[in-house]
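Trainee: Got a structure here, written out as structure tokens. Questions coming.
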Amino acid sequence: MTRTGTVEAEKRIPDPSPARIKRRNPKRPGQIGWLGSVPALIIGLLFTVGPLIIIVIFSFLSRPKTGGGVIYDFSLEAYRSFLVQVDFLGNTTFDPRYLAVFGDSLVQASVTSVVCLVLAFPLALWMATRKPRMQNVLVLLVTIPFWTNLLVRTYAWMLILNENGIVNTFTKAVGIGSVDLLYTPFASQLGLIYTFLPFMVLPIYSSLAGFDFRLAEAAYDLGAKKMAVVRRIILPIATPGIVSGLLLVFMPAFGSYVQPVLLGGGKLLLIGNLIAAQFGASRNWPFGAALSVIVLVMLMLTLMLIAFYSRRSGRKVEISL
Amino acid sequence: MHKSHKRFVTAAAIAAIGALALSGCGGGISDNGADAPAAGDGGVETTGFTPATSGEVSLYTWSDYFPEELIGKFKEDTGITLKVDYYDSNESLEAKLRASDGAGYDVVVPSDYMVQILKDDGLLRQINAADLPNGKNIQPDFLDVYFDEGRQYSVPYLYGTTSFAYNNEMISEEDAPKSWADFFNPPASAGGVGIMDDMVEGVNSALRVVGGDFCTTDGPKLQAAQDLLVGFKPSVGTINSDGILERLAGGEQAMAMIWNGAAWRAAQENPAVTWVYPEEGVALWQDNFTVPSGAKNVDQALTFLNWMMDPVNMAVAVNFQAYASGILGTTELMKPELANSPAIVVPESYGLALPVQPCNNDELSNYSKIWETFKG
Amino acid sequence: MARVVPQSGGVHVLTIPVTTISGYDRIDPSSSPSREIVIEGARKTYITPEKVAINAIDDVSFSIKQGEFFVMLGPSGCGKTTLLRSIAGLETLDAGEIRLGSRRIDQLPPHERPVNTVFQSYALFPHLTVAQNIAFGLEMEGRPRPEVQARVTEMLELVQMQEMASRKPEQLSGGQQQRVALARALAKQPEVLLLDEPLAALDLKLRRGMQAELKRLQRTTGITFVFVTHDQEEALSMGDRIAVFDKGRPVQIGTPEEIYEKPVNRFVADFIGETNFINTDAVRAPDGAAAVADSPLIITLPGGQSVTLPKTVPTPDGTVTLAIRPERITVGDGAHHFATGTISGLVYMGTDLRCTVLLDDGTELGVRIPPPFDDKATKVGSVIKLYAEPANIRPLMPETAR
């Protein structure tokens, strides 16, 4: 009387019949023919590749004498003026201003990414260890900010941070006195972190949600302490989510300007505002296009670096949400 | 945000500047104004204009820059449905019209310099506004403007000035700013000063202080303007064209660059808000109704333009937006508190509300450089 | 071998030769008893979502000797895995203690216990290679790199996975993953290796191979193995000793032979192998007089014959349940004939012939007839006589006696 009396299945799946092999359209279930994807391809090309090509072309053209737009004369002036300026007295000098703008934007994006990561990882881990029903509720809570417009939420922050806002009412009541919060770099950074935190939490959570916590148990069993389990087991498994999160936060934070203008008072020139101004009041479309191309190339290099790292380390890194 | 008209505009200009200050209560205007309503209903016919009585016309204008009331009134008066869409800067409008080769809208509202740019690039339709039945209501000073001699392409809408205002409860009498120089060297009691994120207004104001001409290419003057702005940066609270009215009215800021209409509305909420005509002068800007070259409903558009030149209708916009207009007869129909406000109607004694011609792109590059250095 | 088995139900069952709870009598004098695992008064209660308290471990006390292959056997939910995890440190006991030698370990964190586990799911780290998986525990100890590498190589050899060192777990078959899990747990040279149903996910053939492999590993390493399974056959073939668990406690602990031949109660008899149960009246005295607690037991079998059993069993309601393994029943005449019945079913199994015999009182018995088979005598409908050695007829303790 064995309780495991299964007979080993030596049966093979029968060979496909010749008729099946010779069928003209050997589609597997769930596959769609190429024709089905044509509309998506066209839309994709028109709306992603198309504007990109236009931007690249514009960056090599000249600006008219007056007004915006471009005239079709090839010129490298846009790229040259990124690094070199002729000052008001006629001297041609190296111009670090635009590099500084890039640097400021980079710092803003990096701080946002790092703080979001530090905040999001424990939160995502905590979420992933809840009961399934609780997890659904938590994911919903994280996405609640998406239900309202970003501007509305930013104005809400202005109300919280301003001189008569909640924070200052509290600090005055406690006796610390009023604190200048609104229109400071701190407020701008706070707004960015607030805005992008869900974009960090969700991919990390999704990479941890399928995590087999028996692995953590195994690590404990092998002598790992709590921090070692996080560092050696959970963190590597969350890596794809972390990379996705970093990309999803860093890229928009790099170009964002709603929070710096509304909460930071617009006192810091960032890459987003700089580009917008070129197509607006500065009426220098080629330069705006060139700035966009430079940003694009930088991001592409970053992505390639990530892909390279991912291939070398053998870790799967993908953008998932 | 309601009624706070976003203005990124720069300079504006009306050719006959000197006379403008006087035009607020110009002599023989009222006669014309009295005739106007009848004409506005299409009773009088002039050269080749047939008022439309049905269909629709699409208006593309600045955010919060056209009163709802007029949409209904226009439908009642003419049977034409007015559809309104919004943009936030002359450059947005320009980009849109360039992209569509002037199609998509029947009436658009560019500021002075943008009229010139659009007109020169063939993006506007010639309408000969003066020949429309109500064309005679255009104030003489507003007829031969630099950007559109004889009003062949445009109909004047509202005009205003860009200066600054301060809170006289937060800034004491002896510290009260009187000039752009005071603005750029604010007293400590001013706190974080608000300045518009407007390159041309910002740089022009600085140039006024250092004695440079607008659109100058004089290196030392440009450098001095840049130095002035960079020195001003630590005193800056916000560089933002949005929410100026609210920040001043709420006492959040003690001093800020602002348009006259917005300053007037802020003062309605908070009487401490004081408008300043600086010693160096202010910029005068003017917005205009124009018909893009690709407009489809031209008859309806012309009907709308003619209807808007009726002071009865224009006065609704004037009273609602708190800006004066270049149409005869509207001053008489202004709310008294508006008409009596020196902020809205430039006092005769102040002769320094100057229209500003736009710079060409090379000159503008200097402005960009200064502004980017200031912001960066 | 006969010992008193203390039972909490207050009924003392005598004389059944079961390896006792502490089982010191089988200890090899050469092995030091100081490193044995002693579990004393262990308790663990779960509250289910329906707010019902369940005793996962219900006042358990026994010990596991050093170097022993100890199997904890029982159906799912019997508490065997919870107890294993308590030894590993992945669960905490509500009461009682666990000692390893003289050291109390139940309150130590897992990393301070010289104990490692092979998990049912293997729990290999998917982002690490085979070698990195094996090295993990050593690195956690902060061992120097050359030592780690040497040890990993040694372990890879031990489980014959040298070629797979740089593979990721997802590139391995189930059996290979199993070996890596073993190597990983053994790499730290634990005093005790805990195995939580490690073979459950393997197919039959592979499982047989791994059973032999584990046995070999246990012998060569000399490490105490504590092996949890619900497969009685696996338990019998692998364990030095087996603890059969039911409802949160071990009901019998003994060698495979003891467990098989002398199950203490119906649960054990039923769970281990195939058993015939015969309910019958019991009389306590040879002369049919009033029962005396330690007098011999006389049982009247269905065939009408009386069998005198040498020892005493409890007979709470005057009946007793007897257990007879099918292969211990012989067909034909013999000194200990106990029943006559009719063959009602026959299954040819090659190694033997499995008969179902219907007795007169309706009891069905399974009987195995070894070859050569007499086709004339053994066919459906034939009446056959059965006999069995009295020693093979086991009176069972009532299961309620706890």
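The values are calculated or read from the model by the stated rules, or taken from the named source; none is laboratory data. As the structure is a computational prediction, the values presented were derived from the model and not from experiment. No Cβ is skipped: glycine too gets one built from the backbone with ideal geometry, and neighbour counts run over all protein chains shown. The protein model used for the area step is the full one, side chains on, heavy atoms only, and it has no ligands, DNA or RNA in it. Shrake-Rupley method; radii C 1.70, N 1.55, O 1.52, S 1.80 Å.
Trainee: If amide hydrogens are placed 1.01 Å from N in the peptide plane, which non-local residues have theirs closer than 5 Å to the one on B:V193?
Mentor: Those qualifying (amide H under 5 Å, at least 5 residues apart or on another chain) are B:V236, B:G237, B:T238.
Trainee: What accessible area per residue, rounded to a whole number of Å², is obtained for the stretch C:191-283 using a probe radius of 1.4 Å? Can you show the working numbers first?
Mentor: On the way: 3070 Å² over 93 residues.
That works out to 33 Å² for each residue.
Trainee: Considering only protein heavy atoms and a probe of 1.4 Å, how much of the accessible area of the stretch A:97-313 is carbon and sulfur, as a whole percent? Write out the running numbers ahead of the final one.
Mentor: Numbers: 7260 of 9870 Å².
Here it works out to 74 percent.
Trainee: Any idea what Rg and Dmax come out to for the stretch B:198-341 if you just take the C-alpha atoms, in Å?
Mentor: According to the Cα coordinates of the stretch B:198-341, Rg and Dmax are 19.1, 54 Å.
Trainee: Taking a probe of 1.4 Å and counting only protein heavy atoms, give the total accessible area buried between chains A and B in Å², rounded to the nearest 100. Numbers along the way, then the final one.
Mentor: On the way: alone 21240 and 14090 Å², together 32440 Å².
Separately minus together, A and B give about 2900 Å² buried.
Trainee: How would B:T53, A:T239 line up by accessible area, probe 1.4 Å, largest first?
Mentor: Numbers: B:T53 105, A:T239 20 Å².
Result, largest first: B:T53, A:T239.
Trainee: Express the relative contact order of the stretch C:196-272 as a whole percentage, based on alpha carbon pairs under 8 Å and six or more residues apart in sequence. Working shown, then result.
Mentor: Numbers: 65 pairs, mean separation 16.1, N = 77.
Over the stretch C:196-272, the number comes to 21 percent.
Trainee: Can you pull out the GluC sites (Glu not before Pro) in the stretch C:243-282 whose DSSP state is coil and whose Cβ has at most 14 other Cβ atoms within 10 Å?
Mentor: Values: sites: C:E257, C:E258, C:E261, C:E274; in loops: C:E274.
When the GluC sites (Glu not before Pro) of the stretch C:243-282 are filtered for loop state and at most 14 Cβ neighbours within 10 Å, C:E274 remain.
Trainee: Got a sec? Which residues of the stretch A:71-91 lose 30 Å² or more of accessible surface with every protein chain in place, vs. that chain alone, 1.4 Å probe?
Mentor: A:F88, A:L89
Trainee: Okay, next question. Kindly write out, for the stretch B:148-158 in residue order, the coupling ³J(HN,Hα) from the Karplus curve 6.51 cos²θ - 1.76 cosθ + 1.60 (θ = phi - 60°), rounded to whole Hz, with x marking Gly and Pro.
Mentor: Result, rounded to whole Hz: 7, 4, x, 6, 7, 10, 9, 10, x, 10, 9.
Trainee: If one takes the longest principal axis of the Cα atoms in chain A, at what angle in degrees, from 0 to 90 and to the nearest 10, does the Cα axis of helix A:285-313 lie?
Mentor: In chain A, helix A:285-313 runs at an angle near 30 degrees to the longest axis.
Trainee: Helix-only mean residue ellipticity at 222 nm, chain B, DSSP H runs n ≥ 4 weighted -39,500 (n - 2.57), per residue, nearest 500. What is it? Could the numbers behind the result be given before it?
Mentor: Details: 15 runs with 142 residues, N = 376.
Calculated at 222 nm, the ellipticity per residue is -11000 deg cm²/dmol.
Trainee: Let me ask something additional. Longest span of chain A, sites excluded, free of trypsin sites (Lys or Arg not before Pro) in DSSP loop with at most 15 other C-beta atoms within 10 Å? Before the final figure, lay out the partial values.
Mentor: Details: sites that count: A:R3, A:K11, A:R12, A:R23, A:R24, A:K27, A:K65, A:R130, A:K225, A:R315, A:K316.
It works out to A:131-224.
Trainee: Please compute the per residue accessible area over the stretch A:97-313 with all protein chains in place, 1.4 Å probe, rounded to a whole number of Å². Walk me through the intermediate numbers first.
Mentor: On the way: 9870 Å² over 217 residues.
In whole numbers, the stretch A:97-313 has 45 Å² accessible per residue.
Trainee: Within 10 Å, at most 11 other Cβ atoms, and a DSSP state outside H, G, I, E, B define an exposed site. Report the longest part of chain A free of exposed chymotrypsin sites (Phe, Trp or Tyr not before Pro).
Mentor: Working: sites that count: A:Y72, A:F74.
With a cap of 11 other Cβ atoms within 10 Å, the longest stretch comes to A:75-321.
Trainee: To the nearest 100 Å², how much accessible surface do chains C and A cover up together, summed over both, with a 1.4 Å probe?
Mentor: On the way: alone 18850 and 21240 Å², together 37470 Å².
Looking at C and A, the buried total is near 2600 Å².
Trainee: May I ask you to find the residues of the stretch A:165-191 that are shielded by at least 30 Å² of accessible area once the whole protein assembly is considered instead of their isolated chain (probe 1.4 Å)?
Mentor: So the qualifying set is A:Y183.
Trainee: State which entries of A:K65/B:K119; B:K119/B:K375; B:K221/B:K369; C:K44/C:K262; A:K226/C:K188; B:K83/B:K296 exceed 21 angstrom in Cα-Cα distance in the structure shown.
Mentor: Details: A:K65/B:K119 15 Å; B:K119/B:K375 32 Å; B:K221/B:K369 14 Å; C:K44/C:K262 29 Å; A:K226/C:K188 19 Å; B:K83/B:K296 14 Å.
Over 21 Å apart, Cα to Cα: B:K119/B:K375; C:K44/C:K262.
Trainee: Related question: Please work out whether the stretch C:191-235 counts as rounded, prolate or oblate from its C-alpha gyration tensor, where a ≥ b ≥ c are the square roots of the eigenvalues and a/c under 1.5 means rounded, while otherwise a/b larger than b/c means prolate and anything else oblate?
Mentor: Working: a/c = 2.28, a/b = 1.46, b/c = 1.56.
Oblate.
Trainee: With N set to the residue count of chain B, report its C-alpha Rg divided by 2.2 N^0.38 Å to two decimal places. Numbers along the way, then the final one.
Mentor: Numbers: Rg = 20.4 Å, N = 376, 2.2 N^0.38 = 20.9 Å.
Compared with the compact-globule rule of thumb, chain B sits at 0.97.
Trainee: How large a share of the accessible area of chain B, in percent, is made up of carbon and sulfur atoms when the probe is 1.4 Å and the other protein chains stay in place?
Mentor: On the way: 6180 of 12670 Å².
Exposed carbon and sulfur together represent 49 percent of the surface.
Trainee: Once you order the gyration tensor axes a ≥ b ≥ c over the Cα atoms, which shape class does the stretch C:58-186 get: rounded for a/c under 1.5, otherwise prolate or oblate by comparing a/b with b/c?
Mentor: Prolate shape, in that a/c is at least 1.5 and a/b is the bigger ratio.
Trainee: With a 1.4 Å probe on protein heavy atoms only, tell me which residues of the stretch A:268-288 lose at least 40 Å² of accessible surface in the complex relative to the chain by itself.
Mentor: A:L269, A:A281, A:S282, A:R283, A:W285
Trainee: Here's another thing I want to ask about it. Accessible area per residue of chain B at 1.4 Å probe, in Å²?
Mentor: Numbers: 12670 Å² over 376 residues.
Value returned for chain B: 34 Å² of accessible area per residue.
Trainee: Could I ask something else about it? Angle check, please: helix B:68-78 long axis (alpha carbons) against the longest principal axis of chain B (alpha carbons), in degrees 0 to 90, nearest 10.
Mentor: 20
Trainee: Starting from a Cα-only point model with no solvent, please compute log10 I(q)/I(0) by Debye for the stretch A:97-313 at q = 0.16, 0.19 1/Å.
Mentor: -1.15, -1.32
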